[in-house]
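Engineer: Dumping the structure here so I can ask a few things about it.
The numbers here are math on the coordinates, done by the rules we state, and not lab data. The shown structure was predicted, so the numbers you read here are calculated from the model rather than taken from an experiment. Note: ideal-geometry Cβ built from the backbone for every residue, glycine included; neighbour counts use all protein chains shown.
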Ligand SMILES: [Zn+2]
């Protein structure tokens, strides 16, 4: 049985091979809808090259309405996987092999049911300057308000496979929680078409946002892109949030509190840095150590670089 479905669209004229992947996490739905729509719209638009579309990479996780599949492994921590391993390891192996056949990768995510995240295009700060510059162009082309480059050492991701294979790769984040955000589906479709336009594979053109209007952070510090480690909850309990996405905060501002309703105690939570709120916990029943949100260290539009 096929582990996931990969639909190929070929133009008559040769050109690059671009891979769009959704559903690496089973509870991130807008990317799946966006890729499904692209499957119908791109055949009429594609002038050059090949596109491969994966609507749901992690079908086991999707069936569970969860981030991870039946074996509880996170596909985004399991690449390049193992063809003889558990289900997620086999999916990781198949997906990694597919990535290695591509010239460019766009991996579409959301915050899942657990988090709400501001629209952003991210990439690893690849040591190869040519690849890095291409990733910057791809991320910028997406037209999302935040562009985020983070240190390049993480393993297990689709982007790790692309990094090691020298394939320019970006990932997208937008929204999460419950319900469907139609605007995220539309923004993702547009982002993918813009990347194809950048690569001159479609006739459609786009106007890049002025760099001065993009919140653009390149952060070379260790674990700079590791969302699940941000602002850990001090205790188990119910997270009561006080700050909204897109707000600007100072280090030490109140973020909210966690109320342990079993033991009748509570703990206040404060912003761990100053900047723009871009990640917020949505599923409110939290365990000690769970990320409660994230702050991007930027306070006005424009590009900043933070060195290790
Ligand atoms: Zn994800």
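Engineer: If packing is taken as the average number of other Cβ atoms within 10 Å across a peptide's residues, how do 240-249, 162-171 rank, most packed first?
Structural biologist: Highest to lowest by the protection proxy: 162-171, 240-249.
Engineer: Give me the extension gain from residue 240 to residue 261: residue separation times 0.36 nm, minus the current Cα-Cα distance, reported in nm with one decimal.
Structural biologist: Working it through step by step, the gained length comes to 6.4 nm.
Engineer: Rounded to a whole number, what is D in µm²/s for the chain from Stokes-Einstein with the Kirkwood radius over alpha-carbon pairs (37 °C, 0.692 mPa s)?
Structural biologist: My calculation gives 166 µm²/s for D.
Engineer: Which one of 135, 251, 190 has the biggest mean-square fluctuation once the chain is modelled by GNM with Cα springs under 10 Å?
Structural biologist: Of 135, 251, 190, the most mobile in the Gaussian network model is 251.
Engineer: Could you quote the convex hull projected area for segment 241-308, Cα atoms only and averaged over all directions, in nm²?
Structural biologist: 5.4
Engineer: Provide the percentage of antiparallel DSSP beta bridges, counting only those with both residues in segment 6-219; round to the nearest 5.
Structural biologist: Roughly 30 percent of the DSSP beta bridges within segment 6-219 come out antiparallel.
Engineer: Next question, about the same structure. For segment 145-302, list log₁₀ I(q)/I(0) at each q in 0.11, 0.15 Å⁻¹, using the Debye formula over Cα point scatterers of equal strength and ignoring solvent, two decimals each.
Structural biologist: Here the Debye-derived log intensity ratios amount to -0.56, -0.97.
Engineer: Right, another one. Can you compute the radius of gyration and Dmax for segment 103-215, using only the Cα atoms, both in Å?
Structural biologist: Both quantities, over Cα of segment 103-215: 13.8, 40 Å.
Engineer: Could you give the alpha-carbon Rg of segment 37-141 over 2.2 N^0.38 Å, rounded to two decimals?
Structural biologist: 1.21
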